[in-house]
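Visitor: Okay, here's the structure, questions in a sec.
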Amino acid sequence: MSDLRAGEYHPFEASGRSFVYLVPSAAIFELDDPSSAVLARLQQGEMPLAELVRDLAARFATAEIEEAVRELLRVRAVGVTGVPEQPAPRQLPPENFPLTTMVLNVTNQCNLSCTYCYEYGEDKIVDTKNGKKPKFMSEQTARESVDFMLRESGENRQAHLTFFGGETLLNLPVLKSTIAYARSRAAEAGKEVDFSLTTNATLLQPEIIEFLAENRVGVTISIDGPREVQDQFRVFSNGSGSYDVVAPKVRELLRRHKTRPIGARVTLTSNNLDIRKIFRHLTEEIGFWEVGFAPVTTAPNRAYAIAEQGFDSMLEQFRSLAAEFLEAALENRHHGFSNVKDTLEEIHKGVSKPYPCGAGLGLMGVSTDGDVALCHRFAGSDEHKLGTVRGGIDRLVQIGFLEKHHIDDKTDCRQCWARPLCSGGCYHEAHTRYGDTARANLHYCEWIRGWTDTCLQIYGELAARNPGYFAQWNEEMNHEAPHVN
């Protein structure tokens with residue numbers, strides 16, 4: 001046999017045990033002592049098996065070392081010098097890949113003037129004030145969108161319809177009529193539709209809350225935290241803060257709407273990075289079931305853009321909340337930090353992404369006039385248009401986009417061990433930051449790697465101390481289609 005060499009993996013420790021995250025397969029492999037010793041030695045350099053056996057002979061029997069090498073070769077944690085790794089064949093999704101989620105931008109208008117807003121702020125890509133798109137989606141366009149969604153959902157029995165804006169509730173009549181129409185059309189097709197929406201909560205009224213609860217509409221509230229945080233950026237056009245308007249409405253929503261968990265979505269900026277304080281307020285004082293955080297999408301020269309030290313602070317606080325999450329999960333208690341739960345689910349399911357998300361594939365956004373875009377963040381942009389709800393998807397445009405944006409073509413990502421879960425990052429973030437959707441989001445690579453390592457450690461702790469925690473995803477895995485690689 002030629003010299004042995006270390007393969008592509010990321011080592012981590014959890015619960016006093018050694019693990020490796022195997023990059024080519026996105027699998028996790030627990031190491032016994034001989035395997036740990038083999039990998040540690042090969043990290044120092046390539047060597048023949050006979051030399052490896054001699055080096056480790058004082059600690060392990062020859063048979064143990066040889067068995068460890070065979071198993072490590074099998075899982076590709078070890079390779080053979082001069083024998084290149086057999087790359088997985090580059091595959092594009094099949095042409096009939098089903099649409100799973102359609103985001104319907106029922107309006108491009110908003111009653112807030114959030115400074116950092118990607119849709120209305122300095123970094124917008126669509127002119128929502130003076131552009132050619134209608135400000136509100138018509139009932140007819142919404143119905144055509146539903147028909148499009150059901151056609152494109154293929155053999156899937158369930159489709160997900162998310163209402164978005166602007167401020168979604170500004171077009172409440174169309175939202176209501178669309179839910180009724182979608183239910184009727186789905187029943188005719190032998191399907192079901194799951195409904196959700198995102199709102200800033202300013203327009204929530206008792207009758208609206210009642211409607212959302214009765215129709216089991218999932219609700220995500222865009223909110224940034226306590227008053228002093230919320231009122232920095234999430235303001236009305238006259239500059240007044242929105243917290244005192246929003247807080248009582250959200251509390252009433254949470255009191256009445258019990259049919260679906262209600263989550264908060266927080267935008268982090270350089271001015272609001274006290275993540276633990278925000279989380280405590282939203283879960284303990286307001287009562288949200290879960291809270292998810294995302295750094296602001298913006299050009300690097302904006303005053304509210306997060307700099308490198310800001311990402312370091314985010315990671316430290318994320319890790320602190322993740323430790324709380326782990327403590328709760330070990331005791332089978334709920335903890336509302338959705339960022340860690342979402343990543344754990346992907347790790348458990350062995351997700352390895354050729355694309356950073358489903359945009360342009362299983363997820364598409366529809367603008368107010370019925371144009372179909374990569375996702376809701378590109379809705380209304382002619383540059384990122386894939387078709388229309390009336391004429392369908394332009395397959396040549398779609399395939400061209402998918403070919404250009406495959407992870408294999410992102411040279412900056414090829415040596416990154418976290419690429420199965422990141423795949424270069426959000427297209428919209430890349431467009432805003434670099435002017436090119438195909439660019440990798442290099443400005444937060446260290447943050448992504450640090451956070452992924454933290455989640456792997458939590459996964460290892462749960463695997464060792466409470467493996468039953470993962471049962472919540474096992475049934476889903478049995479019914480899911482395989483991932484496209």
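Here, each number is a calculation from the coordinates, and none is a lab measurement. Owing to the predicted nature of the structure, the values given are computational and were not obtained by experimental measurement. No Cβ is skipped: glycine too gets one built from the backbone with ideal geometry, and neighbour counts run over all protein chains shown.
Visitor: What net charge do the residues around Thr128 carry, taking every other residue with its C-beta under 9 Å from that of Thr128, with Lys and Arg at +1 and Asp and Glu at -1?
Guide: Taking every Cβ under 9 Å from that of Thr128, the sum is +2.
Visitor: With unit charges on the beta carbons (Lys and Arg positive, Asp and Glu negative) and the dipole taken about the Cα centre of segment 156-304, which residue among Ala180, Gly225, Pro248 sits farthest to the positive side?
Guide: Ala180
Visitor: Share of Cα-Cα pairs in segment 335-416 beyond 19 Å, in percent?
Guide: Summing the P(r) of segment 335-416 above 19 Å gives 50 percent of all pairs.
Visitor: Moving on to the next point. Given the C-alpha atoms of segment 55-196, compute the convex hull and give its volume per residue in Å³.
Guide: 262 Å³
Visitor: Let me ask something else about it. Quick check on my link table: of Lys191/Lys353; Lys176/Lys249; Lys353/Lys410; Lys277/Lys353, which ones sit more than 22 Å apart, alpha carbon to alpha carbon?
Guide: In this structure, Lys191/Lys353; Lys277/Lys353 exceed 22 Å between Cα atoms.
Visitor: If Rh is defined by the Kirkwood formula over all Cα pairs and Rg also comes from Cα, what ratio Rg/Rh do you get for the chain?
Guide: 1.00
Visitor: Please name whichever of Tyr427, Ser381, Ala464 sits farthest to the positive end of the charge dipole of segment 357-466, dipole taken about the Cα centre and charges placed at Cβ: Lys and Arg +1, Asp and Glu -1.
Guide: Towards the positive end, the residue furthest out is Ala464.
Visitor: Return the unpartnered cysteines for the chain, using a Cβ-Cβ cut-off of under 4.7 Å.
Guide: For the chain, the answer is Cys110, Cys357, Cys375, Cys413, Cys416, Cys422, Cys426, Cys445, Cys455, because their Cβ atoms have no other cysteine Cβ under 4.7 Å.
Visitor: For segment 212-367, go through all pairs of different Cα atoms, get the mean of 1/r, take its inverse, and jot down that Kirkwood value in Å.
Guide: Computed over Cα pairs of segment 212-367, the Kirkwood hydrodynamic radius comes out at 17.3 Å.
Visitor: Right, something else. Want the number for Glu192 to Lys349: 0.36 nm per residue separation, take away the alpha-carbon distance, what's left?
Guide: Once the chain is fully extended between Glu192 and Lys349, it gains 54.1 nm.
Visitor: Just round it to a whole percent: the fraction of Cα-Cα distances in segment 218-292 exceeding 14 Å.
Guide: It works out to 58 percent of all Cα pairs.
Visitor: Counting just the Cα atoms, what span does segment 76-129 cover along each of its three principal axes? Round to the nearest Å and put the largest first.
Guide: Extents along the principal axes: 61, 30, 18 Å.
Visitor: Mind listing P(r) for segment 297-379? All alpha-carbon pairs, 10 Å bins, whole percents.
Guide: 14, 25, 35, 23, 3
Visitor: Straight-line reach only, C-alpha to C-alpha below 14 angstrom: list the aspartates and glutamates that Lys349 could link to, leaving out same-chain residues fewer than 8 apart.
Guide: Glu475, Glu476, Glu480
Visitor: Here's a follow-up. Can you compute the radius of gyration and Dmax for segment 1-136, using only the Cα atoms, both in Å?
Guide: Cα radius of gyration and Dmax of segment 1-136 are 26.2, 77 Å respectively.
Visitor: How large is the convex hull of the Cα atoms of segment 336-483 per residue, expressed in Å³ as a whole number?
Guide: 139 Å³
Visitor: Only Cα pairs under 8 Å and at least 6 apart count here; give the relative contact order of segment 172-307 as a rounded whole percent.
Guide: 22 percent
Visitor: For Val23, what residues show an amide H to amide H distance below 5 Å, using hydrogens built from the backbone and excluding near sequence neighbours?
Guide: Tyr9, His10
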